[in-house]
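The structure appears below as structure tokens.
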Amino acid sequence: MSRVALVTGAARGVGACVVRQLVAEGWQVVALDVCADLPGVPYRLGTRDELRELADAHPDSVREVVADVRDADALAGAVQVAEAEFGGLDAAVAAAAIMAGGTPLWETPDVELDLLFDIDVRGVANLARAAVPAMLRRPEPRSGRFVALASAAAHRGLYHLAGYNAAKHAVVGLIRGLATDLRGTGVNATAVSPGSTRTDMLTATASYYDLDDVEEFATHQVVDRLLEPEEVAAAVCWLCDERASAITGTVVHADGGFTA
């Protein structure tokens, strides 16, 4: 029987790569994205066309859901889609996140901090609260997986990005607590902390530093290059696998050596 995943932030970037790789490995996936640009986010987010294209490429394996991770009821509805369409849920991947910053902490407006914590932190918690009960409904022995995208920013201070630092650090804390709550259930919780990855979010980050070329971020990583979204997605998909049973309550640093 195919395993079933729910992936947020699925229209593009790492989230879309996770969906494609899981499908290639035989999974069935509910792909969720807000599919709209948001006030306060200085770059474009995934679109409905991108999400539909992803689903249309895999009509037997992917169902698309347009929803905001800040909406707990909408996430519960996405879990219901997984159970109704595919028979249950075995993994949830919290890839939805935004980047905001560009000023020192003492000049950072409340609206920016609220946006970061509502999407990057509460969005992860909302997904866990919707998805974990469904994974626990699977019969024992279970092999459920909850994977959240954190960031190298969770482990290193970044200039003029204190709010983002704090939000991603909070994601790691949520995962550690969730894993402990799940003790003995067969459901594991982990985080993946990417380094500088070639996405629109990285392009937005470059603008905060007045950089003309995102390639300058490669100097912070011992691989001496930017990461591709597919590389980060590979780490996420590995953690979703039943064979990753020994990994819980911790962080996989898929960061090209950023935090080495």
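Computed from backbone phi with θ = phi - 60° and the Karplus coefficients 6.51, -1.76 and 1.60, the 3J(HN,Hα) list for the stretch 180-185 is 5, 4, 8, 3, x, 8 Hz; x is used for glycine and proline. Enumerate the amide H contacts of Ala148 below 5 Å, restricted to partners 5 or more residues apart or on another chain; note that Pro and chain-start residues carry no placed amide H. Here Ala94, Thr190, Ala191, Val192 satisfy the definition.
Close amide-amide hydrogen proximity is noted between Arg63 and Val29, Val30, Ala31, each under 5 Å apart and 5 or more residues distant or on a separate chain (H modeled in the peptide plane; Pro and chain starts excluded). With bins 10 Å wide beginning at 0, the percent of Cα pairs of the stretch 138-232 falling in each bin runs 15, 39, 27, 14, 5, 0.
Where in the stretch 1-45 is the amide nitrogen less than 13 Å from a point lying 7 Å along the Cα-to-Cβ axis of Ala206? Once the point is set 7 Å along Cα→Cβ of Ala206, nothing inside the stretch 1-45 turns out to lie under 13 Å by backbone N.
Rounded to whole numbers, the Karplus 3J(HN,Hα) couplings from phi for the stretch 74-82 are 5, 5, 4, x, 5, 4, 4, 4, 4 Hz, using 6.51 cos²θ - 1.76 cosθ + 1.60 with θ = phi - 60°, and x at Gly and Pro. Computed across the stretch 68-147, the Kirkwood hydrodynamic radius from all distinct Cα-Cα pairs reaches 14.0 Å.
Each residue of the stretch 1-139 gets 100 Å³ once the volume of the Cα convex hull is shared out per residue.
Charged neighbours of Arg52, selected by a Cβ distance under 14 Å, balance to -3 (K, R count +1; D, E count -1).
Taking trypsin sites (Lys or Arg not before Pro) as exposed when their DSSP state is a loop state and no more than 16 other Cβ atoms lie within 10 Å, the longest site-free interval of the chain runs over 71-136.
Our coupling estimate for the stretch 100-114, obtained by passing each phi through the Karplus curve with A = 6.51, B = -1.76, C = 1.60 and θ = phi - 60°, is 8, x, x, 9, x, 4, 5, 10, 6, x, 4, 4, 6, 5, 4 Hz, Gly and Pro reported as x. Between the stretch 154-191 and the stretch 1-65, what is the separation of their alpha carbon centroids in Å? With the stretch 154-191 and the stretch 1-65 each reduced to a Cα centre, they are spaced 22 Å.
Our note on the geometry: Cα centres of the stretch 227-256 and the stretch 84-103, 14 Å apart. Evaluated at q = 0.14, 0.20, 0.24 Å⁻¹, the base-10 log of the normalised Debye intensity for the stretch 51-95, with identical point scatterers placed on the Cα atoms, takes the values -0.35, -0.72, -1.01. Calculated over the stretch 4-252, the projected area of the Cα convex hull averaged across directions stands at 12.6 nm².
Placing a label point 7 Å from the Cα of Ala234 along the Cα-to-Cβ direction, no residue of the stretch 127-162 has a backbone N closer than 11 Å. Sorted fewest first by neighbouring Cβ atoms within 10 angstrom, Val7, Val29, Val132, Val172 come out as Val172, Val132, Val29, Val7.
Rule-based calculations on the coordinates, nothing more; no lab input. Being a predicted model, the structure only gives us computed values, none of them experimental. All Cβ positions, even for glycine, are placed from backbone atoms using ideal geometry, and neighbour counts span all protein chains on display.
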